[in-house]
Structures are given as structure tokens and as C-alpha cells.
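Everything on this sheet refers to the single structure shown next.
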Amino acid sequence: MPKIVMPMSALAVNKLKAVGWHAVGGVSGLNLQIREPQNKDSDSPMPKSWVLRTHIGSKRVPLGLGSYPQVSLAEAREAAKRMLDAIRQGIDPRVQRKEIKSSLMASLAKNKTFKECAEAYMDAHSAVYTSDKHRKQWSSTLQTYAYPIIGNMLVEDISMRNILDVLTQDVKSEAGEKLGDLWRVKTPTAQRLQGRLKTVFDYCIVNEYRKGMNPASWDGFLDTQLPSPSKIQTKNHHPAVPYVNVGEFMIHLRKNKSISAKALEFLIHTAVRSGSVREAEWSEIDFESKVWNIPATHTKTKKEHRVPLSNQSIKLLKSIT
């Protein structure tokens, strides 16, 4: 038969100083363990902790209940009673603690802010940006318009109303005068922002950082709250030379002997993007086959591209070699 220990008072427990195990009574198996300090030469207090020594199945095990005096005598006795009740019901407190810890860690891993997710997405997809400028545009748009409003919010807590707050925030002039909201004053910028917000939330949903709908979706969601961009802003196309006037334009262009003018003429002959022209190298030109082999690194699609060169293009290139 186990020895019955008379319950100690809080004052008596406070006076315990000897190293070892001290049964405090009140709950069978409840002990205060006192250990030597790690540095015996210092004046640090002796570490004291509550331990419930009991049986789980046929094995006697120690179960920690916290440090003393952070956990009082009364709190230790109450915790020990709950633990013994759980054991009697067939629950292993050690397994239960691991499950709670795992659940907490999983929960913390999913508690991501919008800023954390946006930066993680940009880092994970850095290879898809067409240029460093493209990456900076993504980052700048979010930093300017999204982070001040939802940057520190958990993505799980962000609603469509929060997205509307971002897209309809006030736009002011340099003098501080209110010009209107972002969606109506800077519609193209707001459109790009909405698309980037949606992409980040798609990333969050796939990674299980949030559940349910994407709060930045346009169809069926934001389109019920915001006017269509086409109804807000009239498209103003860049000025262009009429096709019938191209010949006359080329005559004037060739009078300009700068390398920039020759680059523009080459662009007109080949109908490629200006970036590919600016980054072109002589090693890409096959004069014999009259082909321009543009490497993937010099294209927006990141795919190699072959461009047939006309006699005028070859003549132009030879004039600057």
C-alpha cells in the first residue's frame, strides 16, 4: 500500500530547500523536485519543479507540471488531478501533449501575413519575371498600395471588404488635395494591383494559409462592387505613323546617323520587341543564312526565337559593323 502523505501547506512548500524529491500530498504522486544549480559557485536559486510520478499501464513515469513558484501549489494539485483523471480514462498525457504541440505548430505555420505571402510568392516565382524592372514593379505596387492596409493582416482574416479598401483608397495630389479613389483615378494601376492581389491569394489558398474564396477575384465578386475599367477610362492609344507614310518616315529616319536611329530602323524591318534589339549581339546574327537567332534570355517569353532578315536588314547591319 502506498504511503499516505499529509498535505503540505504553501508556506511549508516554500521552506523546502533540500535537493531531491519532496512529496507534497493532496494528490498521490505529486512531488516538488529540487536540483542543484548548474553553477554551484553562483548565488542562483535552486531549480524547483513539479512532477507527478504515476503509472501509465505497467510503467511508472514522471510527468512535468511546470516550475515552482511560477506554478503554485494549488495549481500543481489541480493539474495533477486532471492528469490522473485523463489516465484513468485511458488517455496518455504524453501523447496528448505531443498532439497539442503539433497542432499548435501547424497552426502557427499557417498564420501568415499578406506581406509574408506576397514576398514568398515573388521569391518563388522570380524566374518568371521578364526583367528586373518587372519584379520591381510588382514589389513597388504592393508596397505602395497594399502593405499599408493589409500587409500585417493574416491572410486568413482578409475579406473582400479589405481588398475594396485597398482598391478604393484615396488618391491625393502633391499638394494634398483629394483627387478621388484609386480605382477611378489610376485605373490601369488599380487593375494591375487587383490582378497581383488575386495571384498572391491563389498562392495562399494552394498552400492552405487560408480557406474559401479568393477575396481579390473579379468575376462574381469585385465586379459586383466596382465599375468595369472600360466604363471608367477611355483608351488613348499611343500616336503612330500611318502605314502609307512609313516610306516618308524612313527617309527622315535615315538622315539621323545615330545608333539609336539605326536600332529603330532595324526594329521596323524585323518587327520584334525593342528589348531584343537593344540587347542584340553580333554572335546572334547569321549573315550567310540571313537569320537572327535571338536567345531565350533576350525574349519576353524566355524562348529562343528565329527572325528571318531581309536584304535591307542585312545591309543596315553591315553598315554599322
key: Furthest towards positive pole of dipole, Thr297, Ile259, Pro239, structure part segment 234-301, Cβ charges   = Pro239
key: Positive-pole candidate from Trp138, Ala18, Gly151, dipole of the chain, charges at beta carbon   = Ala18
ask   = Which entry in (i) 20.7; (ii) 21.2; (iii) 27.7 matches Kirkwood radius over Cα pairs in Å derived from the coordinates of this structure?
value = (iii)
key: Sparsely packed GluC sites (Glu not before Pro) within segment 280-310, loop by DSSP, other Cβ within 10 Å at most 10   = Glu281, Glu288
ask   = Could you give the dipole magnitude of segment 114-232 about its Cα centre, charging the beta-carbon of Lys and Arg +1 and that of Asp and Glu -1, in debye to the nearest 20?
value = 340 debye
inquiry  = Could you give me D for segment 114-232, from Stokes-Einstein at 25 °C and 0.890 mPa s, where the hydrodynamic radius is the Kirkwood radius over C-alpha pairs? Units µm² s⁻¹, please.
reply    = 165 µm²/s
key: Value of [θ]222 nm, deg cm²/dmol, for the chain, DSSP H segments ≥ 4, -39500 (n - 2.57) each, nearest 500   = -12000 deg cm²/dmol
request  = Give me the number: length gained by fully extending Arg192 to Val206, i.e. 0.36 nm times residue separation minus the C-alpha to C-alpha distance, one decimal in nm.
outcome  = 2.9 nm
key: FRET E, pair Asp286, Glu248, Förster distance 45 Å, beta-carbon r, rounded to 0.05   = 0.90
task = With the Cα gyration tensor of segment 173-321 in hand, convert its eigenvalues to equivalent ellipsoid semi-axes via √(5λ) and list them largest first in whole Å.
result = 44, 24, 13
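Using every Cα-Cα pair within segment 243-318, state what percent have a distance larger than 16 Å.
50 percent
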task = Return the lysines within reach of Lys318: Cα separation strictly under 17 angstrom, same-chain partners fewer than 8 residues apart disregarded; answer none if there are no such residues.
result = Lys257, Lys262, Lys290
query = Going by how many other beta carbons lie within 10 Å of each one, how would you line up Phe287, Phe201, fewest first?
reply = Phe287, Phe201
key: Cβ charges +1 (Lys, Arg) and -1 (Asp, Glu), total dipole of the chain, debye   = 640 debye
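We did not get these values from a lab; they are worked out from the coordinates using the rules stated. Note that this is a predicted model, so its numbers are computed, not measured. All Cβ positions, even for glycine, are placed from backbone atoms using ideal geometry, and neighbour counts span all protein chains on display.
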